[in-house]
Amino acid sequence: MERMDERLHHLQGQVWKIMQSSGHRFRDVEHHPLLPENDNYDSSPLEADMAERVWFIRDGCGMVCAVMTWMLVLYADFVVTFVMLLPSKDFWYSVINGVIFNCLGVLALASHMRTMLTDPGAVPKGNATKEYMESLQLKPGEVIYKCPKCCSIKPERAHHCSICKRCIRKMDHHCPWVNNCVGEKNQRFFVLFTMYIALISAHALVLCGFQFVSCVRGQWTVCSNFSPPVTVILMIFLCLEGLLFLTFTAVMFGTQLHSICNDETEIERLKSEKPTWERRLRWDGMKSVFGGQPSLLWINPFAGLHIRRHLLRGRKGGPEFSV
């Protein structure tokens, strides 16, 4: 054991001398040794492997919250469809509202899935090796920051997530409702998720209002296929759910748009970090997150989804999960 410690100490000393001789400075949040050269960490294969894997965080709390999100959306769809719309005598009222509500529900759940299963911008683990730093071709005197928790070189504006156990580029926050971090690569889907949940919640509240009015004016036994007590309980619970999620997602949607326009993440705002980067203009920030010029693709959570490639990968050996 002592001989291994001596060899590791000697190796660290050699790497440090190389770094000093090259004129580069290496800074760490905490004093933490560089990874040994024989750990076989290569940044390029790691990044390629991460791109080929389905991103999924194995966090118990996050998985429970994600399942609850789906159950609440499906519950709202059940109440709206089977308690309010199908018993209605107005055919076009039922058809139009049913199509709108279900389309919003599908878009909300699709945005949730894309947010949860998209790599938020994770930095490859353990890329703080001598070979990788030499490949960066750093200028003399340039400072390098290394995360002591995941042993990776931290790019500018990256923060470490204790739940994902990775450094995330432009990390805004970790959201248990989507069981993932909101970062550089999936912020667009998270914004769409909050927008569609807010819209579906507002729509459900409006339909509940019309349903209460029609049932009070007429007969409760006629306005629903369920008994009056069951109908009232289902609708009251839907109203409470709609009010809660409308308030939460509307505030979150506004906060996200404000962060995008100001080119500042929530973590950077809370820490009052002085920007060392050149901030984008508001419109440039929107285009960088949503991609390209304004179009319907901005609000389409299915844009850029390669279903065929995922199906072929599943046939070969099933989906792989990256943590």
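Laboratory data are not the source of any read-out in this text; all were calculated from the coordinates shown. These figures come from a predicted structure and were not determined experimentally. Backbone-built Cβ (ideal geometry, glycine too); neighbour counts: all protein chains shown.
Here are the numbers for the structure shown:
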item: Relative compactness, segment 232-279, computed as alpha-carbon Rg over 2.2 N^0.38 Å; result: 1.76
item: Arg269 paired with Gln219, simple spin-label distance in nm, labels 7 Å along Cα-to-beta-carbon; result: 5.4
item: FRET efficiency for His258 and Ile163, using Cβ-Cβ distance with R0 set to 30 Å, rounded to 0.05; result: 0.80
item: Stretch gain in nm, segment Cys61-Phe237, where the contour uses 0.36 nm per residue and the Cα spacing is subtracted; result: 61.0 nm
item: Qualifying lysines (Cα of each under 29 Å from Cα of Lys170; at least 8 residues distant if same chain); result: Lys125, Lys130, Lys139, Lys146, Lys149, Lys154, Lys185, Lys271, Lys274, Lys287
item: Inter-site label distance for Ala303 and Met68 at 7 Å from Cα along Cβ, in nm; result: 3.2
item: Arg282-Glu131 pseudo-label distance in nm [points 7 Å out on the Cα-to-Cβ vector]; result: 4.9
item: Share of alpha-carbon pairs per 5 Å distance bin for segment 65-204, given as whole %; result: 2, 10, 16, 15, 12, 10, 9, 7, 6, 5, 4, 3, 2, 1, 0, 0
item: nm² value of the averaged projected area, convex hull over the Cα atoms of segment 160-250; result: 7.1
item: Under 5 Å, built H, 5+ apart or other chain: amide partners of Lys170; result: Ala158, His159
